[in-house]
Amino acid sequence: MTEFNWFSRSHDTPATPSAAASQESSTEANAEATGAAPASPEDYLAWAKAAYQNIQQQQTATGTETAEATAPDPEAETPASEPEGDKGPEAEPAPTGPAWLQANAERQARLAQLQETAIVEPEPEPAPMVPPTASLVLPDVDFDEAFLWSAEVLAGQGRLAEDVSLEEITWLNRLRQGLDKTRRGLVNQLKAIVGQGPLNDEAVMEIEALLLQADVGVEATDTIIMALQQRLREEILPPEQAIAYLKTLLREMLDRPLGDAHNLTFVPDKDMLNVWLMVGVNGAGKTTTIGKLTHIAKKSGYNCLIAAADTFRAAAVEQVKAWGARSDVEVIANPGNNTDPASVVFDAITAAQSRGTELLLVDTAGRLQNKKNLMDELSKVRRIIDKKAPDARIEALLVLDATLGQNGLRQAQVFAEAASLSGVVLTKLDGTAKGGIALAVVQQLGLPIRFIGAGEGIEDLRPFSSYEFVEALLSN
């Protein structure tokens, strides 16, 4: 069974141009989500049961393949036993010498005679090894409320039950748990406020305070309140319908920087060099993010390479090498200390071009946005990439710590000027109650969220989906 491709959200791993073309069209179809979503709770339940059975079949198929791979060969030759000799040990000549030496020789002779006359019992034949039979392998997830919620989110995007993987279910549960701190103090209070009818000044202030506490930002908060106020003046919405309208507003805000595109199309191009430059301040999680991105890319069938251009932080090169080893990806590094990061990037691009690498991930040193010399150095690295790899597809991603909240906005503004940012990787959402920072980044900077992290594990970083994020943020 093939690995799940998170870039195409499918199990397909094309190896031919025609298959690649079909995968591309499939990716676009998934991005547009043209499938019909279930219309009633009964339909959602039936969809979830079908998805669970499909995952069960996937697990069974994987277990069968593993059993077949580990089954012993029945035709394997068994080592031949050596024939037993018919003759006993040859008699040694009687020793001459002291009495104690003669007594010892007689004792050895009696032992030899006993061994010759002893009845040898045949050893029991070993029982034939029966190859293990593949037993039913149940999914590593229970058919509980968490599974039903994840299934509802996937079905709401027009996904087919037979295309859903266990990894997607697990990730949605992890994302929901990561946003629990933000959601816990937001949903119930919002429902209580919007369920009172048309918004008045007091209700507007309450909603504004809730959104600001979640670090949605002033500009995004004003946009949301104005839209809610206009809609609630037109008609009185029950709390559930008001929350549904709020979800639509948030999704539109998060997708606005993408224009007519979709974030699921943000994938490395096959059969050509892609360079992803990772930037950010100290402690944002750049090196860890590179390790997780490498893991996703390798599972999705890409040939990867890492450039260890963080030459200032102690043990930075060793850390990125450890992440590279976990995904079996080579790391290009300079053994010297305090070397020029631009030279490391130059060597890495040369190596990537000679090896036909498809994705080169560049780790850079953390720097504060107010250190002009370090920001100038980052601009130099970007110029080297543009000059050395003119035909490559170059993306610069800002790794932003969600726990920083509004403090991260100024960082993003300065980094956008120095590195020509393509988007943001939002990390550490599981450790903060300020998950609304995603809305602030999109609204004030016009930068799309490309990836989102909600944990420390290697599987805890995934491509960003506005639909999944909003559902996890405002789920009951």
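Points to keep in mind about this one:
- Test for GLU459: is it of a type in the set (Asp, Glu), closer than 19 Å to PHE7 by Cβ, crowded, with 22+ Cβ neighbours inside 10 Å and within 16 Å of the chain's Cα centre (by Cα): no
- Taking each residue of the range 203-228 that is more than 10 Å from ILE193 (Cβ to Cβ) and looking for partners that are among the acidic types (Asp, Glu) and in a helix (DSSP H, G or I) with beta-carbon atoms closer than 7 Å, six or more apart or interchain, yields THR221/GLU208; ILE225/GLU208.
- Any hit, the range 129-150, residues being surrounded by 10 or more Cβ atoms within 10 Å (Cβ to Cβ), at pLDDT 80 or above and among the aliphatic types (A, V, I, L, M): yes
- Restricting attention to the range 396-419, the residues that are part of a loop (DSSP other than H, G, I, E, B) and open to solvent by 30 Å² or more (accessible area, probe 1.4 Å) total 1.
- Taking each residue of the range 389-401 that is within 24 Å of SER354 (Cβ to Cβ) and looking for partners that are open to solvent by 10 Å² or more (accessible area, probe 1.4 Å) and among the hydroxyl-bearing types (Ser, Thr, Tyr) with beta-carbon atoms closer than 6 Å, six or more apart or interchain, yields GLU395/SER422; ALA396/SER420; ALA396/SER422.
- Extreme residue, most open to solvent (accessible area, probe 1.4 Å), among residues of the range 152-168 that are over 14 Å from SER465 (Cα atoms) and under 18 Å from the mean Cα position of the chain (by Cα): GLU167
- None of LEU254, LEU277, LEU305, LEU264 is open to solvent by less than 30 Å² (accessible area, probe 1.4 Å), more than 21 Å from LEU398 (Cβ to Cβ) and touching a residue at least 12 places away in the same chain (Cβ under 8 Å) except LEU305.
- Taken as a whole, the structure places SER422 among residues that are within 24 Å of the chain's Cα centre (by Cα), of a type in the set (S, T, N, Q) and open to solvent by 10 Å² or more (accessible area, probe 1.4 Å).
- The single condition from (1) under 11 Å from the mean Cα position of the chain (by Cα); (2) assigned to a helix (DSSP H, G or I) that VAL470 fails is (1).
- The range 430-449 residues that are over 23 Å from ASN173 (Cα atoms) and part of a helix (DSSP H, G or I), paired with ones that are open to solvent by 10 Å² or more (accessible area, probe 1.4 Å) and basic (Lys, Arg) (beta carbon under 7 Å, 6 or more apart): VAL442/ARG256
Residue by residue, here is whether (1) in a loop (DSSP other than H, G, I, E, B); (2) of a type in the set (Asp, Glu); (3) open to solvent by 20 Å² or more (accessible area, probe 1.4 Å) holds:
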site	(1), (2), (3)
ASN334	yes, no, yes
ASP347	no, yes, yes
THR350	no, no, yes
SER354	no, no, yes
LEU360	no, no, no
LEU378	no, no, no
PRO390	yes, no, yes
ILE394	no, no, yes
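The rows are residues; the columns are (1) assigned to a strand (DSSP E or B); (2) touching a Phe, Trp or Tyr at 6+ places or on another chain (Cβ under 6 Å); (3) closer than 24 Å to TRP171 by Cα.
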{"site": "ALA261", "(1), (2), (3)": "no, no, yes"}
{"site": "LEU264", "(1), (2), (3)": "no, no, yes"}
{"site": "VAL275", "(1), (2), (3)": "yes, no, no"}
{"site": "MET278", "(1), (2), (3)": "yes, no, yes"}
{"site": "ASN282", "(1), (2), (3)": "no, no, no"}
{"site": "LYS292", "(1), (2), (3)": "no, no, yes"}
{"site": "HIS295", "(1), (2), (3)": "no, no, yes"}
{"site": "LYS298", "(1), (2), (3)": "no, no, yes"}
{"site": "TYR302", "(1), (2), (3)": "no, no, yes"}
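- If you go through the range 212-225 and keep only what is of a type in the set (A, V, I, L, M, F, W, C) and open to solvent by 10 Å² or more (accessible area, probe 1.4 Å), you end up with LEU212, VAL218, ILE225.
The values are calculated or read from the model by the stated rules, or taken from the named source; none is laboratory data. These figures come from a predicted structure and were not determined experimentally. Every residue, glycine as well, gets a Cβ built from its backbone with ideal geometry; the counts of neighbours run over all protein chains shown. Quick note on the areas: whole protein, heavy atoms, side chains included, nothing else; ligands and nucleic acids left out. Shrake-Rupley method; radii C 1.70, N 1.55, O 1.52, S 1.80 Å.
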